[in-house]
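Following: one structure in structure tokens, then a few remarks.
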Amino acid sequence: MKKWFALLSVVAMVLVIAGCGSSDDTSSASGSNGDVKKIIVGTGTQFKNVCFIDENGNLTGFDVELIKELDKRLPQYEFEFKTMDFGNLLLSLDAGKIDMVSHQMEKNPEREAKYLFNKNPYSIFLNRVAVAKDNNTVHSIDDLKGKKVLTSPTSNAAYVLKEYNKTHGNALNIVYTSGAANDTVQQITSGRIDATITTDFANRFNTDEKGEVALKTVGDPLTQSDVLYVLNKNEQGLADDLDKAIQEVKDDGTLSKLSVKWLGEDFTKSLEDVKKEGSSKK
């Protein structure tokens with residue numbers, strides 16, 4: 001009988017040890033997975049060459065491929081895309097449905113008061129007035145007084161226009177839309193709208209039915225736009241990590257190559273850098 005009880009005791013001990021070992025393994029695996037933080041990235045599908053669906057049904061473009069590159073360099077994060085209309089991106093960030101926005105977003109005081117931006121821009125553009133190619137009466141924003149200017153309500157261009165109105169007696173008739181670029185082209189070329197605000201890069205995609213660029217940019221740049229990621233205020237750690245990874249892809253030339261491939265030019269240099277390069281060539 002004593003031998004029987006001794007045998008049962010040994011078996012019980014083995015089971016306990018095995019159970020503890022199994023528990024430790026599971027805990028270790030969970031801890032490893034828990035160290036990787038999933039980041040839901042909000043982006044769109046209608047901005048050609050930036051974030052769009054290609055002929056194979058895949059989400060791609062400059063912003064998309066850059067996030068994939070940053071994902072490789074930030075093993076502590078797992079980036080996952082969630083697509084939606086541009087006008088819903090910041091609303092989804094407010095609601096906690098996404099963790100950051102990647103859609104060629106620019107910083108302005110209104111946005112900065114509500115959201116956190118990383119500091120290292122991944123592309124830089126100059127905002128200008130855009131009108132129909134046959135419009136020879138508008139040469140600057142001052143020529144738009146009393147005229148209709150089309151923009152998206154949550155865009156940085158909308159902020160620029162509202163600031164102009166504050167100091168010019170609401171001279172501009174700002175018309176808001178959340179429509180696609182081709183709708184903007186149609187409204188301007190038909191004469192229903194007089195102008196919009198865009199960059200030389202984005203204006204390449206303001207094409208007509210023939211695929212030709214239908215608008216032209218005029219006047220001096222209104223603002224220089226640093227394109228950044230938009231995050232919630234409590235994501236400073238993520239913002240800092242993004243800045244470091246962006247600097248890496250700048251330093252090794254990856255960012256420049258992605259810009260040339262998808263945007264047609266190297267839009268990663270600041271205006272100051274461009275001026276310096278111009279001076280050195282003289």
Answer in debye to the nearest 20: the dipole magnitude of region 117-257 about its Cα centre, from +1 Lys/Arg and -1 Asp/Glu charges placed on Cβ, is 480 debye
Treating only Lys and Arg (+1) and Asp and Glu (-1) as charged, each at its beta carbon, one finds that region 41-96 has a dipole about its Cα centre, in Debye to the nearest 20, of 80 debye
Rounded to the nearest Å, the spacing of the alpha-carbon centers of region 48-113 and region 225-269 is 12 Å
Heavy-atom accessible area of region 148-254 with neighbours in place, 1.4 angstrom probe: carbon+sulfur share in percent works out to 44 percent
Taking a ≥ b ≥ c as the square roots of the Cα gyration tensor eigenvalues, with a/c under 1.5 meaning rounded and otherwise prolate when a/b beats b/c or oblate if not, region 187-269 comes out prolate
Across 10 Å bins beginning at 0, the whole-percent shares of Cα-Cα pair distances in region 182-233 come to 21, 44, 24, 10, 1
Along region 145-155, Karplus-curve 3J(HN,Hα) (6.51, -1.76, 1.60; θ = phi - 60°) to the nearest Hz, with x for Gly and Pro, reads 4, x, 10, 8, 10, 8, 7, 7, x, 9, 7
quick shape note, region 55-213: Cα extents on principal axes in Å, largest first -> 54, 40, 25
Which of LYS133/LYS210; LYS82/LYS257; LYS107/LYS216; LYS68/LYS257; LYS48/LYS261; LYS114/LYS148 exceed 18 Å between C-alpha atoms? The answer is LYS82/LYS257; LYS107/LYS216; LYS114/LYS148
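The values are calculated or read from the model by the stated rules, or taken from the named source; none is laboratory data. Note that this is a predicted model, so its numbers are computed, not measured. We place every Cβ from the backbone using ideal geometry, glycine too, and count neighbours over all the protein chains shown. In case anyone asks, the SASA skips ligands and DNA or RNA and just uses the protein heavy atoms, side chains included. Shrake-Rupley method; radii C 1.70, N 1.55, O 1.52, S 1.80 Å.
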